[in-house]
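Bear in mind these aren't lab numbers, they're just calculated from the coordinates by the rules spelled out. Note that this is a predicted model, so its numbers are computed, not measured. With ideal geometry, Cβ positions are generated from the backbone for all residues, glycine too; neighbour counts draw on all protein chains shown.
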Amino acid sequence: MGFGSKFKHHFANAFREIFIYHHSSLEFRAKVFAMIIAANENADECEFDLVTKAGMDIYADEDRANTLTLTTREYVKKVHDDNGLDIDRLVNHIVHDLKVVPRYAKKLDPAQLHPIIECSTDEDTTTYQLSMLEFISTLKADYEKAEKVREEKKRPLPLKGGPLHG
């Protein structure tokens, strides 16, 4: 990424609410990736390369994928620098975002997150990240189950018998 491209992405990151289409959706994904990555105190380019790859798979747009990576880096840096954000708060943000926008549960993709865990060489870190991945899988399943129940409640009940239905 050249200087002009980096500047464009940092500028877009600073004003993402104004310039980025569906910025809140991208922010949500970045928080999820950051949660897994920030659990590794020794995170390096391996993790962020995987975020960029996942971003390309999701968006098929290099600029948007790079913005996802830069936003993820921003969250990881805040956690690692103890800059008003820790992993517990990040998890709370994710859960809050899901309560406000339940459709974000569709954006939880454990298969995209799992390769990030393989970047870690520390067994304790890997175990912690796997626990987070299990948490994400459970959150996704719970929201999908709740959505299914909600959809079933919307369907009209089939009428049986009665004067109009013989």
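Determine the relative contact order of the stretch 3-154: mean sequence separation of Cα pairs under 8 Å and six or more apart, normalised by residue count, in whole percent. Write down the numbers at each step before the final one.
Working: 134 pairs, mean separation 40.4, N = 152.
Computed over the stretch 3-154, the figure is 27 percent.
Can you work out ³J(HN,Hα) from phi for every residue in the stretch 29-38, in order, using Karplus 6.51 cos²θ - 1.76 cosθ + 1.60 and θ = phi - 60°, giving whole Hz and x for Gly and Pro?
4, 4, 4, 5, 4, 5, 4, 5, 5, 5
So if I take the alpha carbon set of the stretch 3-154, get Rg, then get Rh from the Kirkwood formula, what is the Rg over Rh ratio? Walk me through the numbers on the way to the answer.
On the way: Rg = 15.5 Å, Rh = 15.9 Å.
Looking at the stretch 3-154, the ratio lands at 0.97.
Evaluate E = 1/(1 + (r/R0)^6) for Asp44 and His96, where r is the Cβ-Cβ distance and R0 equals 25 Å; express this FRET efficiency to the nearest 0.05.
Numbers: r = 29 Å, r/R0 = 1.18.
Efficiency at R0 = 25 Å is approximately 0.25.
What is the calculated FRET efficiency for Arg103 to Ser131, with r their C-beta to C-beta distance and R₀ = 41 Å, to the nearest 0.05?
Working: r = 25 Å, r/R0 = 0.62.
Working from the Cβ atoms, E equals 0.95.
Please give the Cα centre distance for the stretch 51-74 versus the stretch 81-106, rounded to the nearest Å.
19 Å
Which order results if Tyr75, Tyr59 are arranged by neighbouring Cβ count within 10 Å, fewest first?
On the way: Tyr75 21, Tyr59 16.
In order of increasing Cβ crowding within 10 Å: Tyr59, Tyr75.
Any chance you could run the full-extension gain for Thr138 through His80? It's 0.36 nm times the residue separation minus the Cα-Cα distance, nm to one decimal.
Length gained, Thr138 through His80: 18.3 nm.
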